[in-house]
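This report refers to the structure that appears directly beneath it.
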Amino acid sequence: MAELDDLDIRLLKLLQRDSTLTTKELANVLNLTPTPVHERIKRLERGGYIKKYVALLDNQKLHKGLIVFCNVILKQHEKSIGQKFVNDIVSLKEVTECYNVSGQYDFMLKVMVKDMPEYQNFIMNKLASIENIGSTHSVFVMGEIKHSTELPL
């Protein structure tokens, strides 16, 4: 972050809280005119600090209220086999996040589905069809205490 000054950091904080703010609104908060704010945003986008803009959806209203963290252990760890596993996981729409982790498990998947029958269908018909899975361990979310998309800056 050596390339970023305090104004860039303030701008990034504002944008990650609400990316719908207009350049004019951002300029007012930052005590600048819209042109330099627009130029900074474009520079941050080009530099890869801002990857994309998204709408955050309500998983409950969209009937994806069951959140499960599914830990996976692979049978084999050769590079080509691991890459095939990754490709297969990326194609599953129910998997919203996937992390290669250290420790007891090889991967941690965040799975979002409607309910337990849908999760059971996911495990039995989708995850079970992926080769090289040795075992899985599911952790069911009972309540969401904190969920943030903001990076600490």
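The values are calculated or read from the model by the stated rules, or taken from the named source; none is laboratory data. Quick caveat, the model's predicted, so the values are computed rather than measured. Backbone-built Cβ (ideal geometry, glycine too); neighbour counts: all protein chains shown. With ligands, DNA and RNA removed, areas are computed over all heavy atoms of the protein, side chains included. Shrake-Rupley method; radii C 1.70, N 1.55, O 1.52, S 1.80 Å.
Some notes on this structure:
- Asn132 meets all of the listed conditions (1) surrounded by 14 or more Cβ atoms within 10 Å (Cβ to Cβ); (2) on the phi < 0 side of the Ramachandran plot but one, namely (2).
- So Val54, is it closer than 20 Å to Gly134 by Cβ and of a type outside the set (Phe, Trp, Tyr): no
Per-residue answers, yes or no, for (1) more than 26 Å from Val111 (Cβ to Cβ); (2) touching a residue at least 40 places away in the same chain (Cβ under 8 Å):
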{"residue": "Gln16", "(1), (2)": "no, yes"}
{"residue": "Ile41", "(1), (2)": "yes, no"}
{"residue": "Gln60", "(1), (2)": "no, no"}
{"residue": "His63", "(1), (2)": "no, yes"}
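- In the stretch 32-51, the residues that are within 21 Å of the chain's Cα centre (by Cα), hydrophobic (A, V, I, L, M, F, W, C) and outside any helix (DSSP H, G or I): Ile50
- Checked against the criterion of being open to solvent by 50 Å² or more (accessible area, probe 1.4 Å) and not in a helix (DSSP H, G or I), the candidates Val68, Val54, Val29, Val111 yield just one match: Val54.
- Scanning the stretch 73-92 for residues that are of a type outside the set (S, T, N, Q), touching a strand residue (DSSP E or B) at 6+ places or on another chain (Cβ under 9 Å), over 18 Å from Ser138 (Cβ atoms) and part of a loop (DSSP other than H, G, I, E, B) turns up just one, Lys75.
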